[in-house]
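Inspection log for the structure reproduced underneath, given as structure tokens.
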Amino acid sequence: MAFADASAYAQWLRSLGLTPVRAGMSLDIAITSPVHGFIWPCDWLEFDASGPLPAVRAAGSTLVGVSAPEGNHSFESSIQFGSTESFMEQFKHVRTEGGVEVYRDRSTGKQVYVGRTMAEEREAASSTADETRDPYREAMSLVEHDLRGGPRGALTGYFQRRRFKRALALLDECAADSPGSADVHFWTGKIHERLGDPRASLEAYDRALVAAPGTAYILKEASVAAFSLESYDTAFKLTETAARLEPEDADLRSNLAVSHLLRGSVDDALIEIRASSALAPDDQVTKLVSRFIEKVAGGAAPCPRNEGELQRALRDL
């Protein structure tokens, strides 16, 4: 299932009363990728891709057997590439059911389903595009420069906060019309962050993660919000998931090093900060964090237990 289809399914389940994500963590449902594992951190299931077939089991379970039909069920064997012409030679279109195209395999006579539900989702999104475009653009015109280029941290200026609150009201209007828009929820989270409300920020990122499963930059921002709430375990799991999706992102690897450090996993912190340094050798923040973690590993500094202790230690270097 493509991430877009997973998003549509998760949003449908949410409409039935389930909560897919809360505080960045899988709550009522979990979705996995056969390559990356859970697309939202999950502490009630375990993912295992060590065998020939990726599998999920309850956390703490000792079950190791996997029951499956005979044949090759490896991830690689499930992917097939070919031209449109070769596809049409092999398959005959039979009918359309909602957003699903039904074909018949000419060689076996079996039916093949293509498309799932996303066609209907795209139609719904396009029907509201004209309604949401203006308030969305107006909102972004008010805050985009500050959000993309400005520093993190809560705003202090009266007029700046007033402008951000106006943008937030516009994005709330967009969200009411297009609840499946990941961009709307993502920027809502960023605005709440700058307004000094990390809890509301994390709630907005929850909605963005349902709309765009498997998106590393949303997981990254959600981890920052969890970190601000001193939910260090949640921040670690979010950062770990994001880094698994984007292992070449130096910032993510550095953030993961800090998360390991606050959990007391100094050896893992060393591995991650060295990986981050290799990816971005000239980054000054990474250099500073690396020096401190090396000191902790060498016994020259105590391991910090929270963000405050970490910030003080970095200032004293």
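Return yes when Ser141 is at pLDDT 80 or above and under 23 Å from Ala6 (Cβ atoms) and no when it is not. Full working, then the answer.
Numbers: at pLDDT 80 or above: yes; under 23 Å from Ala6 (Cβ atoms): no.
When the stated conditions are applied, Ser141 does not pass them.
Restrict the check to segment 110-119 and report whether at least one residue is in contact with a Ser or Thr (Cβ under 6 Å, 6 or more places away or on another chain) and either modelled with pLDDT under 80 or not in a loop (DSSP other than H, G, I, E, B) (or both).
no
Tell me yes or no: at least one residue of segment 45-62 is modelled with pLDDT of 75 or more and of a type in the set (Phe, Trp, Tyr).
Checked segment 45-62: at least one residue is modelled with pLDDT of 75 or more and of a type in the set (Phe, Trp, Tyr).
Would you mind telling me which numbered condition in (1) surrounded by fewer than 20 Cβ atoms within 10 Å (Cβ to Cβ); (2) of a type outside the set (A, V, I, L, M, F, W, C); (3) not in a loop (DSSP other than H, G, I, E, B) Arg207 fails?
Unmet condition: (1).
So Arg122 fits all but one of (1) under 30 Å from Ala216 (Cβ atoms); (2) modelled with pLDDT of 75 or more; what number is the exception?
(2)
Test Glu246 against the criterion of being touching an Asp or Glu at 6+ places or on another chain (Cβ under 8 Å) and in contact (Cβ under 8 Å) with a residue 24 or more places away in the chain, and give yes or no. Before you say what the answer is, go through the steps one by one.
On the way: touching an Asp or Glu at 6+ places or on another chain (Cβ under 8 Å): no; in contact (Cβ under 8 Å) with a residue 24 or more places away in the chain: yes.
In short, no.
Which of the residues belonging to segment 189-224 are at pLDDT below 95, small (Gly, Ala, Ser) and closer than 14 Å to Leu168 by Cα?
Gly196
Six or more apart or on different chains, Cβ under 9 Å: which pairs go from a residue in segment 294-317 that's in contact (Cβ under 8 Å) with a residue 60 or more places away in the chain and surrounded by 10 or more Cβ atoms within 10 Å (Cβ to Cβ) to one that's in a loop (DSSP other than H, G, I, E, B) and not hydrophobic (A, V, I, L, M, F, W, C)? Could you list them?
Asn306/Glu230; Glu307/Glu230
The values are calculated or read from the model by the stated rules, or taken from the named source; none is laboratory data. Just so it is clear, the structure is predicted and the values come from calculations on it, not from any experiment. So basically every Cβ, Gly included, is an ideal-geometry build from the backbone, and we count neighbours across all protein chains shown.
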